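The structure appears right after this line, and notes come after that.
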Number of protein chains: 2
Amino acid sequence: MKRYTVNEIAKLESRNKTAFINSLSGFKSCNLIGTINQDKITNLSIVSSVFHLGATPPLLGFIIRPDVVRRDTLENIRENKVCTLNHVNEALVMRAHQTSARYEKTQSEFEECNITEEYLNDFQAPFVKESNIKMALTIINEIKIKENNTSLIIANIGDVYLQEDILNDDGFIDIEKANTITVSGLDSYHMTKSLGRLNYAKPNQSINWK
Amino acid sequence: MKRYTVNEIAKLESRNKTAFINSLSGFKSCNLIGTINQDKITNLSIVSSVFHLGATPPLLGFIIRPDVVRRDTLENIRENKVCTLNHVNEALVMRAHQTSARYEKTQSEFEECNITEEYLNDFQAPFVKESNIKMALTIINEIKIKENNTSLIIANIGDVYLQEDILNDDGFIDIEKANTITVSGLDSYHMTKSLGRLNYAKPNQSINWK
């Protein structure tokens, strides 16, 4: 196993360093965030920084970097405090990746990337019709991360939409069955292959697959 | 597609709600965090909340909930400001999951779960020998998330250890090749199957697999 010292990493060419560091956290979630502004122009951004924050209350967090990701998402979120979160699946991957291109403020990524906008039960922000797991989010806080000038957005989970047959009796949602994908690094996309679910672990008791 | 309203979700039985909400962010990273206290007792915790925060400076974030995860990790981190991050691979999954059992403060999960402790280049915290991608972290901030009484730990990435053949020329680390796994919900583990890497997206230009 080779050691890459902190100094060697710091000296990497900028794009190579970005790719290297982006791979280190492990596999990342792959979602599309849908927003709308006051002029009714919609915006859609692929994000890999969404993480589970807590179940009670039901909260998610995600990081937005003003300098990299399209500012429109952050501006829209600040403006009207709502967005949608839509899992990216295999059939959507190329169109979802395309939303990372720098479109004009007057262009909607839905239209430019051939993704279908849908509005559900009067929620203000647009959902992705092609997504198999999607939810309404209300932004409840924005925490500035001073270490690198990013923003942590904290969102409350509202209505959730999914196909009934991927929800197990114990509340577990089989996101692999919904073809949800995962991302590593900046641009590497992956399907998954389940190893199974493990029982609740207790000291001095061997665990087993469910 | 079925709608699960925010009120229906709130009424779910507590464990079912936890499983349901835990599945919604998408696939999660799967890591072991290694720490040590002043009495030289080591601690190892499986965590699914590690996320990429930025490449310049190289930063990771992770969430610790004092009420759920073993407090030892948080106490050790607060005490000596260092820990290790170790990717979980297929061969490690059962032993890694076992670290979530509630062991006594005097017990080390390394020993109890049959995972091998290793010390590299005088870094104070213990690494996981069986892990194929591991790194030294220095804690630089702890941000309290008031919405649910969790802590966001911000860590600086130090030395990184991996097998040379999984590092591509452009800085991308092939974590799938290292057998790194991903987790969904509370207890569902998954291998991955690469779809490929996509080119940098530009407006009005079709993207392709690399």
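Each reported figure results from applying straightforward, stated rules to the coordinates on display, with no laboratory input. Note that this is a predicted model, so its numbers are computed, not measured. For neighbour counting, all protein chains shown are included, and Cβ atoms are generated from backbone atoms with ideal geometry for every residue, glycine included.
Any idea what the dipole of the protein assembly as shown comes to, in debye rounded to 20, about its Cα centre with Lys/Arg Cβ at +1 and Asp/Glu Cβ at -1? The calculated dipole for the protein assembly as shown is roughly 360 debye.
Over the stretch A:90-210, the fraction of Cα-Cα pairs per 5 Å bin, rounded to whole percents and listed from the shortest bin up, is 2, 8, 12, 14, 19, 19, 12, 8, 4, 2, 1, 0, 0.
Restricting the calculation to Cα atoms, the stretch B:48-152 yields a radius of gyration followed by a Dmax of 14.1, 39 Å. I want to verify a result. In a Gaussian network model of chain B, Cα cutoff 10 Å, which of these has the top mean-square fluctuation: B:Phe172, B:Phe51, B:Phe127? Judging by the Gaussian network model, the answer is B:Phe172. For A:Met1, the point set 7 Å out from Cα toward Cβ sits 4.2 nm from its twins in the other copies, listed from shortest up.
For A:Lys129 and B:Lys144, a Förster radius of 45 Å and the Cβ-Cβ distance give a FRET efficiency of 0.70, rounded to the nearest 0.05. The local environment of A:Pro58, defined by Cβ-Cβ distances under 13 Å, has a net charge of -1 under the rule Lys, Arg +1 and Asp, Glu -1. The stretch A:146-195 has equivalent-ellipsoid semi-axes of 27, 19, 9 Å, by the square roots of 5 times the alpha carbon gyration tensor eigenvalues, sorted largest first.
The radius of gyration of the Cα set in chain B, together with its Dmax, comes out at 18.5, 61 angstrom. Across the options A:Gly61, A:Phe27, A:Met135, the greatest Cα extent toward the positive end of the charge dipole of chain A (unit charges at beta carbon of Lys, Arg, Asp, Glu) belongs to A:Phe27.
Scattering from the stretch A:1-71 was approximated by placing one identical point on each alpha carbon and applying the Debye formula without solvent; log10 I(q)/I(0) at 0.19, 0.29 1/Å stands at -0.97, -1.32. Positive contributions from Lys and Arg (+1) and negative ones from Asp and Glu (-1), summed over other residues with Cβ under 11 Å from the Cβ of A:Asn179, come out at -3.
In chain A, the sites counted are GluC sites (Glu not before Pro) in DSSP loop states with at most 14 other Cβ atoms within 10 Å, and the longest stretch holding none of them, exclusive of the sites, is A:105-210.
Taking trypsin sites (Lys or Arg not before Pro) across the stretch A:82-183, the ones in a DSSP loop with at most 10 further Cβ atoms lying within 10 angstrom of their Cβ are A:Arg102, A:Lys146. Considering the protein assembly as shown at the alpha-carbon level, its Rg and Dmax are found to be 20.3, 61 Å. Peptide A:143-156 is shielded by partner chain Cβ atoms: per residue, an average of 4 of them sit within 10 Å of its Cβ.
Note: relative contact order over chain B, using C-alpha pairs below 8 Å and six or more positions apart, is 22 percent. Considering only A:Ile77, A:Ile63, A:Ile166, the Gaussian network model of chain A with Cα springs below 10 Å gives its largest mean-square fluctuation to A:Ile166. Peptide packing: for B:194-205, A:16-27, the average count of neighbouring Cβ atoms within 10 Å per residue gives the ranking A:16-27, B:194-205, highest mean first. Each Lys or Arg adds one and each Asp or Glu takes one away; over the other residues whose Cβ falls under 14 Å from the Cβ of A:Glu142, this sums to +4. The string of couplings for the stretch A:190-203 from the Karplus curve (6.51, -1.76, 1.60, θ = phi - 60°) is 9, 7, 10, 9, 5, 8, x, 10, 9, 5, 4, 7, 10, x Hz, one whole number per residue in order, with x for Gly and Pro. For chain B, the dipole from Cβ point charges (+1 on Lys and Arg, -1 on Asp and Glu) about the Cα centre works out to 1080 debye, to the nearest 20.
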